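Presented below is the structure to which this report refers.
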Amino acid sequence: MLELYDIYKSYGPVKVLNGISLSFNKGEIMSIVGPSGAGKTTLLQIAGTLDRPDSGKVIFNNIDLLKLNDQKISKFRNSNLGFIFQFHQLMPEFSAIENVALPGLIAGRKRKEVFNEAEKLLSELGLSHRLNHRPSELSGGEKQRTAIARALINHPTLVLADEPTGSLDSKNRDDIKNIISGLREKYNQSFVIVTHDPEIADIADRKVVIEDGCIKRES
């Protein structure tokens with residue numbers, strides 16, 4: 001589905017990724033774990049085309065994404081990838097339903113269709129009573145569920161999550177864990193999750209351990 005080949009990345013004199021090759025499979029939950037500074041987030045950003053490696057290839061359905069121009073990369077990202085961040089990254093001036101709908105509107109989809117789907121997703125995630133609330137009016141768990149709905153609005157091939165439970169209490173962390181597992185079961189949705197949380201890592205079909213910019217083991 002998505003493949004990384006021999007990825008190297010440095011920031012100045014600091015080597016962050018040292019020749020990583022990794023494939024992401026349809027319908028799979030993969031967790032990426034390792035100590036702080038190991039290169040986990042950088043790897044996720046490169047897989048998500050948010051950053052470019054110094055060398056290597058990022059292949060999606062036999063297309064070398066690194067050869068695409070910025071406009072085509074942005075279109076690919078909007079159509080094929082969903083993102084969940086530790087601190088949700090919701091637009092503060094928009095309501096929950098507007099935040100969820102935004103990627104669909106950027107993709108040029110019909111407004112009514114996108115808002116209907118946004119409402120459906122938020123309702124499935126237990127937020128039917130929060131559709132018109134702005135992020136400042138939502139709890140931490142509600143913000144993250146809104147971010148999950150936003151990640152799903154364009155039916156992505158792959159959802160990339162960077163510490164999705166890192167800022168949550170134990171109750172909300174368990175809720176997000178169950179939501180991710182449920183979405184995989186219901187929609188065969190693929191997830192890659194960078195996490196320090198062993199409970200989140202343990203729901204994965206495959207766990208990849210990264211240390212010093214290299215894959216140490218997979219299980």
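Just so it is clear, none of the values below were taken in a lab; they were calculated from the coordinates. This structure is a prediction, so every number in the text was calculated from the model and none was measured. Methodologically, a virtual Cβ is constructed for each residue, glycine included, from the backbone with ideal geometry; neighbour enumeration extends over all protein chains shown.
For the cross-link pairs 57/177; 9/57; 120/143; 26/72, which exceed 20 Å when the distance is taken from alpha carbon to alpha carbon?
Going by Cα-Cα distance, 57/177; 26/72 fall outside the 20 Å limit.
How big is the stretch 41-87 by Rg and Dmax over its Cα atoms, in Å?
Final numbers for Rg and Dmax: 10.7, 33 Å.
Using modelled amide H (1.01 Å from N, peptide plane; none on Pro or chain starts), what sits under 5 Å from the amide H of residue 159, excluding residues fewer than 5 places away?
Amide H neighbours of residue 159, under 5 Å, 5+ apart: 82, 190, 191, 192.
Let me know the charge dipole size of the chain about its Cα centre in debye, to the nearest 20, where only the beta-carbon of Lys, Arg (+1) and Asp, Glu (-1) is charged.
580 debye
For the chain, take the convex hull of the Cα atoms, compute a quarter of its surface area, and give me that in nm², please.
11.9 nm²
Aspartates and glutamates near residue 110 by alpha-carbon distance under 19 Å, same-chain residues fewer than 8 away left out - which ones?
Straight-distance partners of residue 110: 98, 119.
How big is the dipole moment of the stretch 67-180 about its Cα centre under a simple scheme where the beta carbon of each Lys and Arg is +1, that of each Asp and Glu is -1, and everything else is neutral? Debye, nearest 20, please.
My answer is approximately 460 debye.
In the chain, which longest range has no trypsin sites (Lys or Arg not before Pro) that are both DSSP loop (not H, G, I, E or B) and surrounded by at most 16 other Cβ atoms within 10 Å?
111-219
So if each residue of separation counts as 0.36 nm, and I subtract the Cα-Cα distance between residue 186 and residue 124, what length gain in nm does that give? All intermediate terms of the calculation are to be shown ahead of the outcome.
Values: separation 62, 0.36 × 62 = 22.32 nm, distance 1.15 nm.
Full-extension gain reported as 21.2 nm.
For the stretch 10-140, taking Cα atoms only, what is the radius of gyration to one decimal and the Dmax to the nearest whole Å?
Radius of gyration, then largest Cα-Cα span, for the stretch 10-140: 17.6, 50 Å.
For residue 22, what is the net charge nearby, where nearby means another residue's Cβ is under 13 Å from its Cβ and Lys, Arg count +1, Asp, Glu -1?
That works out to +2.
Please report Rg over Rh for the stretch 93-219, where both radii come from the alpha carbon positions and Rh follows the Kirkwood definition.
Taking Rg over the Kirkwood Rh, I get 1.00.
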